[in-house]
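As structure tokens, the structure follows; a few thoughts come after it.
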Amino acid sequence: MHQHLATKLSMAVAVVVLVTLTSCSGQTTPETSPTSSQETEMIDPAQARTDLYAQLDAAQALVGGEWDNSDDSSPMGCTLNSTEGVTFTGTRYSNDTAGEESLAAVAQLWEGMGFTTEARNDVGPYKVIVATSTTDPSHVLRYGLAEQAMYLEGQGACGEGDLYEWVMKIRQESEDATQE
């Protein structure tokens, strides 16, 4: 039974990864539906971005090591409850490694933040923890551990807002930062 569930999860994660990759290229907008009959309220995109980076930061601090932070400040379109919104992604890589106990520790950390987690062993050389928000199924975090590398990545919750307005806001933030 556990093997069957892992196979289903493998397919779901592959779809999430594919949707995320195609969203980054501007070809499509990921669409999600609530996991229950109640509709989930969308949060502010700035809060969604802050929460995502804090969730990745917490896992990074827990695991330790030196990390390359490749978080992408570019907003992406998303859909939740048939409403278009804005989300962000984050990615961190490390050539360090941690013990296998870090997989359970990261799973426990993210479960404490309100995510459900699943362990995966079928992602190339990586053992992976996939965490999915219980309120927004597009809000997904991943921690991958291999013999000579680790990664953290995620897509934040779908926040209420206009994508074009957020693109302009991020552009202005970037310009302001370069002038300082």
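The values are calculated or read from the model by the stated rules, or taken from the named source; none is laboratory data. In this text, all values refer to a predicted model and were calculated from it rather than measured experimentally. Note that we place each Cβ from the backbone using ideal geometry, even for glycine, and neighbour counts take in every protein chain shown.
Some observations on this one:
- Consider the stretch 122-132 and keep the residues that are free of Cβ contacts under 8 Å to residues at least 40 places away in the same chain and surrounded by 23 or more Cβ atoms within 10 Å (Cβ to Cβ). The one that is farthest from residue 89 (Cα to Cα) is 129.
- Across the stretch 143-168, the number of residues qualifying as without any contact (Cβ under 8 Å) to a residue 40 or more places away in the chain and closer than 25 Å to residue 63 by Cα comes to 1.
- Residue selected from the stretch 79-95 under the condition more than 15 Å from residue 128 (Cβ to Cβ), at pLDDT 95 or above and not small (Gly, Ala, Ser), by the criterion surrounded by the fewest Cβ atoms within 10 Å (Cβ to Cβ): 95
- Those strands (runs of 3 or more DSSP E) of the stretch 49-151 in which 2 or more residues are closer than 30 Å to residue 164 by Cβ occupy 72-80, 83-94, 126-133, 140-145.
- Residue under evaluation residue 25, criteria (1) loosely packed, with under 12 Cβ neighbours inside 10 Å; (2) modelled with pLDDT of 85 or more, criterion not met: (2)
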